[in-house]
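Here's the structure we're looking at; comments come further down.
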Amino acid sequence: MAFAFQDYPAAHDDVRGEVLAGLAAHPKAIPPKYFYDAAGCRLFDAICAQPEYTLCRTEQSLMAAHLPEIADAVGEVDCIIEPGAGDCVKVRQLLGALHPKSLVVIDIAGAPLAAAAEAVARDHPGLAVSALSMDFLRDLEAAARWLPSGRRLVYYPGSSIGNFEPEAVKALLARFRDLAGRQGRLLIGFDLKKDPLRLHAAYNDAAGMTAAFNLNLLTRLNRELDADFDLARFRHYAFYQPVRGRVEMHLVSLAEQTVRVAGESFRFALGETLHTEHSYKYRGDEFAALAESAGWQCARHWEHEGFAVQLYGACETG
Ligand SMILES: C[S@@+](CC[C@H](N)C(=O)[O-])C[C@H]1O[C@@H](n2cnc3c(N)ncnc32)[C@H](O)[C@@H]1O
């Protein structure tokens, strides 16, 4: 078995600085990457199992239904790189079809990633697996030293790209392009625009898993940044905003209150929001235009029940 794990830890001061800056902003906001502590990762898995949240299951059925065609279109690949790989379940589907020599998985949640990636390495004895615990927004370029030469595929499933503003999507996809290299390819899954009531239900599941996931961010800040958020005084609130084409997720203050975080005080007015996530939804052509502005050329498009997977190659001139 060939398995390596490398940690690129964030300095406590960087996390503190980013969270405090977000709480001082108007509106208050915290980046969604902070959802994923151990409990957040478990809650994300629970969300994926909810009947209203079909995104993960739909993507997996799409991939299963089109796998031979996708493998054919991707062609020969020496290395697969997956940023935000989580439990590595989705990349397992691709490994059997593409037979790369190496796999590099990246996630900000290092412990679950290491366990999942080591299991992949055990199940694929000929595959060199590297698991990198890092915030790829900060450290992505450090992944280059783990990449063998040859043809690379960046795999970014799960509509994780929807968490970024369009300008940030462009910047991130350009960084993926640099990582993939001149002959590189990108296989990316994203949620399509659809009936807003379906989207509303997906982010407001009856079992309350998305609400628990959202509120867990406050539990994490209480534990890691010595904060004193009272979870009963914040409401999970998620809705589809059709003008911007995104689901917005908020924690709305149910009272006038002051919260202490890392030694500083933050005042919340009644009804004030802490914006925790947005999930942009696209039409296929809209997303392709964005990716093309980042130097990718759309080669193929597959879709199934409101979810799309697109394959890109690097533009010659990009
Ligand atoms: C929505 S989950 C998707 C997981 C998996 N790719 C899937 O499709 O099921 C997003 C994953 O990205 C990771 N993640 C989010 N922001 C990240 C960042 N800035 N750097 C590294 N990993 C990140 C999270 O820890 C989580 O595992």
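The values are calculated or read from the model by the stated rules, or taken from the named source; none is laboratory data. This one's a predicted model, so the numbers in the text were calculated from it and none came from an experiment. Cβ placement follows ideal geometry from the backbone for every residue including glycine, while neighbour counts extend to all protein chains displayed. Side chains are part of the model used for accessible areas, which takes the heavy atoms of the whole protein and leaves out ligands, DNA and RNA. Shrake-Rupley method; radii C 1.70, N 1.55, O 1.52, S 1.80 Å.
Stokes-Einstein D for the chain at 20 °C, 1.002 mPa s, Kirkwood Rh over Cα pairs, in µm²/s? Numbers along the way, then the final one.
Numbers: Rh = 20.3 Å.
Calculated translational D: 106 µm²/s.
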Kirkwood Rh, Cα atoms: Rg over Rh of region 1-75: 1.14
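Roughly speaking, what % of Cα-Cα pairs in region 57-135 are separated by over 22 Å, rounded to a whole number?
Details: 706 of 3081 pairs.
The proportion of pairs with Cα distances above 22 Å equals 23 percent.
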A201 versus D14: modelled label distance in nm, points set 7 Å from Cα along the beta carbon direction: 4.2 nm
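Which pairs in the list K33/K170; K101/K170; K170/K193; K170/K194; K28/K193; K101/K281 are over 25 Å apart, alpha-carbon to alpha-carbon?
Working: K33/K170 18 Å; K101/K170 29 Å; K170/K193 19 Å; K170/K194 23 Å; K28/K193 27 Å; K101/K281 34 Å.
Violating the 25 Å limit, Cα to Cα: K101/K170; K28/K193; K101/K281.
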Region 41-121, relative contact order [Cα under 8 Å, separation at least 6], %: 28 percent
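Restricting to the chain, what percent of DSSP beta bridges are antiparallel, rounded to 5? Write down the numbers at each step before the final one.
Details: 35 of 62 bridges.
Beta bridges within the chain, antiparallel portion: roughly 55 percent.
Within region 105-254, what percent of beta bridges assigned by DSSP are antiparallel, to the nearest 5? Before the final figure, lay out the partial values.
Values: 8 of 15 bridges.
Of those bridges, close to 55 percent are antiparallel.
Of all alpha-carbon pairs in region 1-135, indicate the percentage at a distance above 19 angstrom. Mind showing how you got there, number by number?
Values: 5303 of 9045 pairs.
Tail of the P(r) past 19 Å holds 59 percent of the pairs.
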In nm, spacing of pseudo-spin labels at A144 and D7 (7 Å Cα→C-beta vector): 2.6 nm
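When only C-alpha pairs under 8 Å and at least 6 residues apart count, what is the relative contact order of region 264-316, in percent? Don't skip to the answer; put the middle values down first.
Working: 36 pairs, mean separation 12.6, N = 53.
Relative contact order of region 264-316: 24 percent.
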Unpartnered cysteines - no second Cys beta carbon under 4.7 Å - across the chain: C41, C79, C88, C298, C315
Mean-position separation - Cα centroids, region 188-260 and region 41-62, in angstrom: 17 Å
In nm, spacing of pseudo-spin labels at K170 and A65 (7 Å Cα→C-beta vector): 3.3 nm
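How much accessible area per residue does region 27-108 have, in Å², with a 1.4 Å probe? Present the calculation step by step, with values, prior to reporting the outcome.
Values: 3090 Å² over 82 residues.
I get 38 Å² per residue for this part.
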Projected-area mean, region 98-223, by convex hull of Cα positions, square nanometres: 10.3 nm²
Å² of accessible area per residue within region 245-318, as computed with a 1.4 Å probe and no ligands counted: 39 Å²
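Between R122 and R42, how high is the FRET efficiency from 1/(1 + (r/R0)^6) when r is the Cβ-Cβ distance and R₀ = 30 Å? Nearest 0.05. Please list the in-between numbers first.
Working: r = 22 Å, r/R0 = 0.73.
The value I calculate is 0.85.
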Principal-axis tilt of helix 209-224 within the chain, Cα atoms, nearest 10 degrees: 70 degrees
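Counting only C-alpha contacts under 8 Å and six or more residues apart, can you give the relative contact order of the chain as a whole percent?
21 percent
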Exposed-loop-free span, longest in the chain, where GluC sites (Glu not before Pro) count as exposed if DSSP calls them loop and at most 13 other C-beta atoms lie within 10 Å: 77-255
Gained length - E256 relative to R92, 0.36 nm times residue gap less alpha-carbon distance: 54.2 nm
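Working out 0.36 nm times the residue gap between R267 and H26, then minus their Cα-Cα distance, what length gain in nm do you get to one decimal?
Details: separation 241, 0.36 × 241 = 86.76 nm, distance 1.19 nm.
Difference between extended and current length: 85.6 nm.
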Between helix 284-293 and the chain: long-axis angle, C-alpha atoms, 0 to 90°, nearest 10: 80 degrees
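What does the extension gain come out to for A299 and R244, with contour length at 0.36 nm per residue minus their alpha carbon separation? Present the calculation step by step, with values, prior to reporting the outcome.
Working: separation 55, 0.36 × 55 = 19.80 nm, distance 2.67 nm.
Extra length from A299 to R244 when fully extended: 17.1 nm.
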Helix axis angle, 38-48 relative to the chain longest principal axis, alpha carbon, degrees: 70 degrees
Selection of trypsin sites (Lys or Arg not before Pro), region 67-113, meeting DSSP coil and at most 15 other Cβ within 10 Å: K101
